[in-house]
Amino acid sequence: MDTNRVSEAEGRRLKQALDQAVQWLLERQDGEGWWCGELETNVTMTAEHVLLLRFLDLSLERIRDGAIRHILSKQRDDGSWALYFGGPADLSTTIEAYVALKVLEVDPGSAALQRALKIIHQQGGVAQARVFTKIWLALFGQYPWSGIPVMPPELIYLSPRVPFNLYDFACWARGTIAPLLLVLSRRPVKSLGCSVAELVVPGTEGLLTRVPGSGIFWWADKLLRLYEAFPWQPGRSCARRRVVDWIVERQEADGSWGGIQPPWVYSLIALNLEGMGTDHPVMRRGIEGQEGFTLVDESGWRFQACMSPVWDTAWVLLALRDAGIERGHPGMQRAVQWLLQEQIHTGGDWQVRCGPVPCGGWAFEFENDIYPDIDDTAVVVLALLEAGTETTVQEAVACAVRWVLATRSRNGAWGAFDKDNTRQIVYRLPFADFGALLDPPTEDVTAHVLEMLAHVDAPDKDRIIRTALTYLRHTQRSDGSWFGRWGVNYIYGTWCVISALAALRNTTYVVDDMIARGASWLLAHQNSDGGWGETCHSYKDSAFAGIGQSTPSQTAWAILALQLADLGQHTACLRALSYLQQTQVAGTWEEQEYTGTGFPGDFYINYHLYRHIFPTMALARACKA
């Protein structure tokens, strides 16, 4: 084995870097006990907020200058906008940014908009855009509704046992599709305040009314259009009322829907179409609640797709405990108490598949009680066990474990929110051209649950663990890595799984061979500067697995995995620790790359605390060793 020893001087430098990182974290804890970094995505979040305000006839003056500054700051030299830092030009993102800038009264003849229009034309214009982008334009009469797939509100009547019912879709898709059932049946046209007819490339006009799809689904769309044209549609009014009730019942305490942007904006649009003015209590809560998701600084005004306080706080607690911060530290105690208060005990959509099981999970956000998630819950349990006292956390942990076990899918693994959410037929819909519509079991979520189970008691625990290990053995790729659904990508997945396997290592479970193969894959993908990196493009082409510019977060994931594989003294690991120490700036790290995942291939996230939490953990474990 290629090993070395950390010199005394190197050890002091690592300890100094760790101390600075710990201090940086402690200084940024909120008084209530939580941590929450910016959740950075692409500019469509801000652009769509501009369009939402225009649709609801709300003033843009307050955000105009900041939104312009933010959107333009993300434009690339070729005139486009991308889904992630360093990514290729994305047509739909560029179109939405372009339209928002015109609505904000940026001069159409400006260099920025002319460059954007040029690349939009090079990529085929609006006819080649995603369905959601076309819907936004159709709302303002800038795209024909005849070119948008039909989805009738009568879908609300379908039983959970029937294909294409709302619960066949992942929770985030379900919360978006429900209000769109109203939007697509109403087909409104509001004034945009400007024309964007130039988005149509000459010669592509005939494509604008062409709905994608083939076979029975294409014919179903045609038949639904005939039904939509009938002057009398029995049951339509009742279906709309039922969808409205479904939406209103799922509004969260902060005014959001699902704690994420897509269901939120479409719910406001749909309810407005059904007669709720902006002064209606439901609408008012929804509009005012969005203020909490906005950020304003020197780079401009922007809207976050989501917020991650529970996730961030749990990982920070684990990092601080690795760094030796005592359980009795006031900051630790505040964080533990805050997490305990955030535990969810009410029902939600997950009960459709799990039955009337008591909840005990946590959500990702401040307010998302209807959609607790398994990934957050498993990591929070690990954090509570590590940072809290047994008497303080025992009941909460037991309740959480019971709920997580109830959400296990048939194959013995776990998805993020739903049980057995695997009906692939939904992807045959003409509507389904963007994002993940399903929430199937994944390697990373299953790994976090296994790591949790290694530290708790549970009924039938041995059988459950063995079944999950079989799943992870089956999903390990031939090169030794694992796919990462919620983090980029194979580096993240491999770290998650090795963490779980290492927690089970000194038991009767056979895991050493899987750990060794995963560690070998990581060693083979270290960059020359000592770090690790992987571009989001690996979701499009797995040949790019483990390939990319080094980032602090991905380097830390690799280090943590190697440390757990008993390779903490390997030369590769020591070089990586040196990379983290040398790239630290003012106690933290810089990272422009997106290492978090929303929808593989379509939506990515730069968690601003990832660049700090995981390097802190890696340094802490190195110093401890």
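Quick rundown of the values:
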item	result
Residue selected from the stretch 557-601 under the condition β-branched (V, I, T) and farther than 30 Å from L438 by Cβ, by the criterion surrounded by the most Cβ atoms within 10 Å (Cβ to Cβ)	I559
Any pair with Cβ under 6 angstrom, 6 or more apart, that starts in the stretch 473-501 at a residue that is assigned by TED's automatic domain parsing to the domain that holds A454 and surrounded by 24 or more Cβ atoms within 10 Å (Cβ to Cβ) and ends at one that is among the polar types (S, T, N, Q) and assigned to a helix (DSSP H, G or I)	S481/T494; W482/T494; N489/S538; I491/Q554
Considering residues of the stretch 161-179 that are more than 20 Å from the chain's Cα centre (by Cα) and not hydrophobic (A, V, I, L, M, F, W, C) only, the residue farthest from E249 (Cα to Cα)	P163
Condition met for P262 (of a type outside the set (A, V, I, L, M), within 30 Å of R115 (Cβ to Cβ) and either buried (at least 17 other Cβ atoms within 10 Å of the Cβ) or within 31 Å of the chain's Cα centre (by Cα) (or both))	yes
Number of the condition not met by Q122 [criteria: (1) more than 20 Å from P144 (Cα to Cα); (2) in contact with a Pro (Cβ under 9 Å, 6 or more places away or on another chain)]	(2)
Residue match in the stretch 582-602 (condition: over 20 Å from Q476 (Cα atoms) and part of a helix (DSSP H, G or I))	yes
Unmet requirement for G533, which otherwise passes all of (1) under 22 Å from F483 (Cα atoms); (2) outside any loop (DSSP other than H, G, I, E, B); (3) touching a residue at least 40 places away in the same chain (Cβ under 8 Å); (4) of a type outside the set (S, T, Y)	(2)
Q261 being farther than 22 Å from A138 by Cβ and at pLDDT 95 or above	no
Any chance L192 is out of contact with any His (no Cβ under 9 Å at 6 or more places or on another chain) and within 23 Å of A432 (Cβ to Cβ)	no
Residue that is nearest to I605 (Cα to Cα), among those in the stretch 76-116 that are part of a helix (DSSP H, G or I) and β-branched (V, I, T)	T93
Unique residue being surrounded by 13 or more Cβ atoms within 10 Å (Cβ to Cβ), touching a residue at least 12 places away in the same chain (Cβ under 8 Å) and either within 30 Å of Q563 (Cα to Cα) or among the hydrophobic types (A, V, I, L, M, F, W, C) (or both) when the list is A220, A253, A239	A239
Qualifying residue in the stretch 345-358 (condition: surrounded by 17 or more Cβ atoms within 10 Å (Cβ to Cβ) and without any contact (Cβ under 8 Å) to a residue 60 or more places away in the chain)	yes
Some residue of the stretch 152-170 being more than 25 Å from A229 (Cβ to Cβ), out of contact with any helix residue (DSSP H, G or I) (no Cβ under 8 Å at 6 or more places or on another chain) and of a type in the set (G, A, S)	yes
Residues of the stretch 394-426 classified as outside any loop (DSSP other than H, G, I, E, B), more than 16 Å from T346 (Cα to Cα) and touching a Ser or Thr at 6+ places or on another chain (Cβ under 9 Å), total	1
Qualifying residues in the stretch 75-115 (those that are among the aliphatic types (A, V, I, L, M) and in contact with an Asp or Glu (Cβ under 9 Å, 6 or more places away or on another chain)) - the one surrounded by the most Cβ atoms within 10 Å (Cβ to Cβ)	A100
Single match in S191, S185, S214 (criterion: in the same structural domain as N272 (by TED's automatic domain parsing), exposed (fewer than 15 other Cβ atoms within 10 Å of the Cβ) and at pLDDT 90 or above)	S191
Qualifying residue in the stretch 60-74 (condition: more than 20 Å from E298 (Cα to Cα) and not assigned by TED's automatic domain parsing to the domain that holds A387)	no
Pairs with Cβ under 8 Å, 6+ apart, first in the stretch 155-180 and at positive phi, second surrounded by fewer than 23 Cβ atoms within 10 Å (Cβ to Cβ) and outside any helix (DSSP H, G or I)	F164/L158; F164/L429
Those residues of the stretch 383-434 which are basic (K, R) and in contact with a Phe, Trp or Tyr (Cβ under 8 Å, 6 or more places away or on another chain), in sequence order	R408, K419, R428
Within the stretch 460-515, tally of residues that are of a type outside the set (F, W, Y) and more than 12 Å from E443 (Cβ to Cβ)	26
Helices (runs of 4 or more DSSP H) completely within the stretch 444-529 that count 2 or more residues being of a type in the set (S, T, Y)	461-475, 490-503
Conditions (1) surrounded by 24 or more Cβ atoms within 10 Å (Cβ to Cβ); (2) without any contact (Cβ under 8 Å) to a residue 60 or more places away in the chain; (3) more than 30 Å from K540 (Cβ to Cβ): number failed by A396	(1)
Qualifying position, being among the hydrophobic types (A, V, I, L, M, F, W, C) and closer than 27 Å to H121 by Cα, among A173, A197	A197
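Okay, residues lined up against (1) on the phi < 0 side of the Ramachandran plot; (2) touching a strand residue (DSSP E or B) at 6+ places or on another chain (Cβ under 7 Å):
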| position | (1), (2) |
| --- | --- |
| A47 | yes, no |
| D57 | no, no |
| I68 | yes, no |
| S80 | yes, yes |
| Y84 | yes, yes |
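The values are calculated or read from the model by the stated rules, or taken from the named source; none is laboratory data. Please read all numbers here as calculations on a predicted model, not as lab measurements. Here Cβ is always computed from backbone atoms with ideal geometry, including for glycine, and neighbour counts include all displayed protein chains.
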